[in-house]
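The values are calculated or read from the model by the stated rules, or taken from the named source; none is laboratory data. Note that the coordinates shown come from a computational prediction; the quantities given were computed from them, not determined experimentally. Neighbour counts are summed over all protein chains in view; Cβ atoms, including those assigned to glycine, are modelled from backbone coordinates with ideal geometry.
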Amino acid sequence: MAIRFRGVSEGVFLALDAMRGNKLRSGLTVLGVVIGVTTVMLMASLVEGIRGQIFASIQNSSPQTFYVMRFFSSTGVNPNNLPAEVRIRPVVNQTDVNALRQVESIRHAGLWVQVNQRMEYQGSRSQGLTVFGADNSYLESQGGTFLTGRWFSTAEMSAGEQVLVIESGVAEYLFGRLNPLGKVVRIGGKSFTIIGVYASPENVFQPPGAVHGGVVPFRAAQHNFHYDETNALFISVTAARGVSVDVAKDAAMTALRRARGLRPGAPNSFDILTQDQILATVDKLTSAFFLVMIALSSVALLVGGIGVMAIMMVSVTDRTREIGIRKALGATHNEILWQFLVEAATLTAVGGLLGILVGILGGEVLKSVLGIKSGPPLWSALVATGASVAIGLVFGVIPANRAARLDPVEALRYE
């Protein structure tokens, strides 16, 4: 054990000494490792942050809310070329809503739609915003805080009045310090009067193109905007107080099957999406994104490993006489092999530590720009460190084996 410990410490010392003596060569060698590890850290930090924000957003909304859709797919379906199994399904409608409202375990059911439109006010124009056509139970289902004004009246919802409850961030962008209440904005070329202001949940993560802009009565959205009846139209359902989502979901399924006249054993002609399914979908998508990023960053790690192998081959050539002297003094094949493996691992470990530092700092800057709140994932630092050392060991085998197999007599003659 003592011999092995001295071998490790000596290998580390020799590696650091070689790096000091060949700063440029060593710097270029570990650069690939630094880039690869930094990429891993950045992607892990970003993905964990996004995942945490989405989960927090869903938790901030009502945990008792679920959704009924014509057809659910995590990637969506082309409304202009629907598969046969989707075309045979009826579009969700008010009859479905009425059937759900008769269920005792359901507190609320409403037909909602979401569209992507720009808002305009006196020359100021927003980016594409998600505008919901919903009812006055929107905040109860989605979370958020009502700030000022009022929500839709029953008469306004029934008549499809062109009124808007605007999101506070969008209101600030369009009106600055002006009071937005009573102002008329154009949404997709249609005029809507602002009657209230709300704030989205603090932790909600909204990717570009999906920023919440506001809520209008469902009938107003139905009459003024074109929308996809398969992907954008759905029924928001909230379980009664004290009733679990699973119980309410089963009751909703039974009511919808009865309303649609589905026979026992026939498949459902609708999909029900719960918060757990949304979380599972998010987890699946972010995991796939993370795997792609890991694959891309592995290319940089591979380049770094090849660089380590190259510099170790050069090091073996430069130190041929030294190896011959060590063998003449009694160093064994395994001791020489171990020395150069430790040296290669040290080079990549230095690159890994630098990559972790840069990755953590870069991740904090990136999350600050995107407004994501989360700490650096410690597991990624451990994985990155282990990967960098493993790369050194794997790519150091060939030069280390070459050094260990040198003939001491020939090595001593080397000039």
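Screening ASN203 with (1) over 26 Å from the mean Cα position of the chain (by Cα); (2) outside any strand (DSSP E or B); (3) at pLDDT below 95; (4) not aliphatic (A, V, I, L, M) gives one miss only, at (1). Residues that are surrounded by fewer than 16 Cβ atoms within 10 Å (Cβ to Cβ) and within 16 Å of VAL216 (Cβ to Cβ) within the stretch 142-176 comprise PHE146, ARG150, SER153, THR154, ALA155, SER158, ALA159, listed in sequence order.
Determine whether the stretch 177-191 contains at least one residue that is crowded, with 21+ Cβ neighbours inside 10 Å, outside any loop (DSSP other than H, G, I, E, B), assigned by TED's automatic domain parsing to the domain that holds ILE106 and in contact with a Ser or Thr (Cβ under 9 Å, 6 or more places away or on another chain). Yes; the residues of the stretch 177-191 include at least one that is crowded, with 21+ Cβ neighbours inside 10 Å, outside any loop (DSSP other than H, G, I, E, B), assigned by TED's automatic domain parsing to the domain that holds ILE106 and in contact with a Ser or Thr (Cβ under 9 Å, 6 or more places away or on another chain).
Considering the conditions (1) out of contact with any Phe, Trp or Tyr (no Cβ under 7 Å at 6 or more places or on another chain); (2) modelled with pLDDT under 70, SER57 is excluded by exactly one of them, (1).
Looking only at residues of the stretch 114-143 that are among the small types (Gly, Ala, Ser) and farther than 14 Å from LEU174 by Cβ, we find that the one that is modelled with the lowest pLDDT is GLY143.
Quick one: is PRO79 surrounded by fewer than 17 Cβ atoms within 10 Å (Cβ to Cβ) and modelled with pLDDT of 70 or more? Judged against the criteria, PRO79 is a match. Among all positions in the stretch 255-275, there is at least one residue which is surrounded by 14 or more Cβ atoms within 10 Å (Cβ to Cβ), of a type in the set (Val, Ile, Thr) and modelled with pLDDT under 90.
Do we find a residue being at pLDDT below 90 and surrounded by fewer than 15 Cβ atoms within 10 Å (Cβ to Cβ) anywhere in the stretch 226-234? No, there is no match, as no residue in the stretch 226-234 is at pLDDT below 90 and surrounded by fewer than 15 Cβ atoms within 10 Å (Cβ to Cβ).
The single residue among ARG70, ARG89 that is within 26 Å of ASP246 (Cβ to Cβ), basic (Lys, Arg) and surrounded by 20 or more Cβ atoms within 10 Å (Cβ to Cβ) turns out to be ARG70. Assess whether GLY362 counts as being in contact with a Leu (Cβ under 6 Å, 6 or more places away or on another chain), assigned to a helix (DSSP H, G or I) and at pLDDT 70 or above. For GLY362, the condition - in contact with a Leu (Cβ under 6 Å, 6 or more places away or on another chain), assigned to a helix (DSSP H, G or I) and at pLDDT 70 or above - is met. Restricting attention to the stretch 89-114, the residues that are within 34 Å of the chain's Cα centre (by Cα) and over 18 Å from ASN268 (Cβ atoms) total 7.
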